[in-house]
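A short reminder: the numbers here are calculations on the coordinates, not readings from a lab. A quick note: this is a predicted structure, and the numbers were derived from the prediction, not measured. So basically every Cβ, Gly included, is an ideal-geometry build from the backbone, and we count neighbours across all protein chains shown.
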Amino acid sequence: MADVFKGVEPMVYNSKISVPYSWWAGDTASKFFISLRDDQKIIAPRCGTCGKVFMPPRKICPACFTENTEWVDISNEGTVISYSVARRQLESIPVDKKTPVIWGLIKLDGADTALMHYLGEVKPEGVTIGMRVKAVFADSRTGTIRDISHFKPVK
Ligand SMILES: [Zn+2]
């Protein structure tokens, strides 16, 4: 240590930095997001070996290690297989979502896996496992998962 620092107490402060960055979503996610944005249609890749349909989309089947190159239309409707309620405004919750926020694990008809997304137009006490829900698309779509605003109960 240089003599000039002798006798100086080392001070440590905690802070946060913001690091803007961009990344390529990849061909699989890009195809899915473009379909949401431009066609308001939910599409999913299907494994050519075992036939499983992945929502959210996966490039490679985790069971067969086959590249999923075939795409199929799946329904905008599905079943809630689990859910959770956030009653505090966490940092990860977008500011346009008012608490309580409900996240649902939704298995869309035609898919073999489930998608995590917001449940809306329902109170937490109204949500049940097995409940039928339908995608509500955002009015303004930009090619993200939020192009689906939320899933609402099917009446
Ligand atoms: Zn497979």
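Summary of computed values
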item: Pairwise FRET efficiency - Val95 versus Lys152, Cβ, R0 = 25 Å, nearest 0.05; result: 0.75
item: Where GluC sites (Glu not before Pro) fall in DSSP loop in region 1-95, at most 16 other Cβ within 10 Å; result: Glu91
item: In Hz, Karplus ³J(HN,Hα) per residue of region 7-23 (6.51, -1.76, 1.60; θ = phi - 60°; x = Gly, Pro); result: x, 8, 5, x, 9, 10, 10, 9, 8, 10, 10, 9, 10, x, 8, 10, 9
item: Those lysines that a straight Cα-Cα span of less than 27 Å connects to Lys155, excepting residues fewer than 8 apart in one chain; result: Lys41, Lys97, Lys98, Lys107, Lys123, Lys134
item: Computed label-point distance, nm, for sites Glu125 and Thr144 using a 7 Å Cα→Cβ extension; result: 3.3 nm
item: Largest to smallest principal axis extent of the C-alpha atoms in the chain, angstrom; result: 72, 41, 31
item: Vicinal HN-Hα couplings computed from phi for region 103-118 (Karplus, 6.51 cos²θ - 1.76 cosθ + 1.60; Hz; Gly/Pro x); result: 9, x, 9, 10, 9, 6, 4, x, 9, 9, 10, 10, 10, 8, 7, 6
